[in-house]
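Taking it in order: structure first as structure tokens, then the write-up.
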Amino acid sequence: GSGLVLWLDGADASTMNDATAGGSLVAADGSIARWEDKSSSANHATQATASLQPTRKVSQVNGEDAVSFATDRMPLNSSFNLSDYTIFFVIQRSSTGINSIPGGQISGTVASYPFIWFTDNIKYYLEIDNEAVSRGFRYGSADTATGEFVSTVFCRGLSGNVQAWHDGALQSLASLLNTGNANFAQIGARDSSLHSGL
């Protein structure tokens with residue numbers, strides 16, 4: 001649709017390749033080096049380091065294929081610096097006690113995560129400068145849920161108008177500071193070597 005800048009489809013094996021350029025389609029349980037964007041923007045996700053590549057899995061979510069992340073992460077072809085955005089994603093959380101991060105960015109001291117579990121709490125997190133200068137930070141109550149979820153995050157403008165929906169239920173978010181643009185540059189796990197926070 002109009003304004004769509006990224007569409008990564010875990011059920012579409014034709015978008016997953018074993019090389020960051022060219023290469024062959026990934027077989028079941030194979031590692032993904034390039035996950036192609038199905039929007040018209042060509043914002044593909046790529047990962048050249050084999051140990052950080054996610055895995056293509058068959059018949060995972062309601063019989064559909066999926067992409068499995070553990071400590072894996074894939075930088076996007078373009079970095080999005082956005083004040084207005086809507087993000088939809090389907091995630092299957094395998095267990096409690098893990099930091100589930102479906103998307104966001106981590107680079108140096110700049111972090112953005114549109115929706116995460118962190119120590120079994122649902123959070124929306126946006127940091128512009130460093131841990132001492134968080135520009136936006138909202139969190140919900142403890143949530144140890146596992147299984148399959150459809151989640152949505154809406155952000156409109158820089159005034160803190162953020163909503164997070166989880167399986168159709170609006171999350172109660174709190175502790176908001178003034179927000180700035182969100183920087184989205186990768187999907188998957190955070191790079192803990194770059195950031196000591198989330």
Considering only protein heavy atoms, with the full assembly of protein chains and a 1.4 angstrom probe, order L76, L170 by accessible area, largest first.
L170, L76
Using a 1.4 Å probe and counting only protein heavy atoms, arrange E64, E36, E148 so the residue with the most accessible area comes first.
E64, E148, E36
Heads up, I need the accessible area for S94: 1.4 angstrom probe, whole protein in place, Å², nearest 10.
100
Exposure of D84 as accessible area (Å², to 10), given a probe of 1.4 Å and all protein chains:
90
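The values are calculated or read from the model by the stated rules, or taken from the named source; none is laboratory data. Please read all numbers here as calculations on a predicted model, not as lab measurements. For the accessible areas, the whole protein counts, side chains as well, though only heavy atoms, and no ligand, DNA or RNA atoms are used. Shrake-Rupley method; radii C 1.70, N 1.55, O 1.52, S 1.80 Å.
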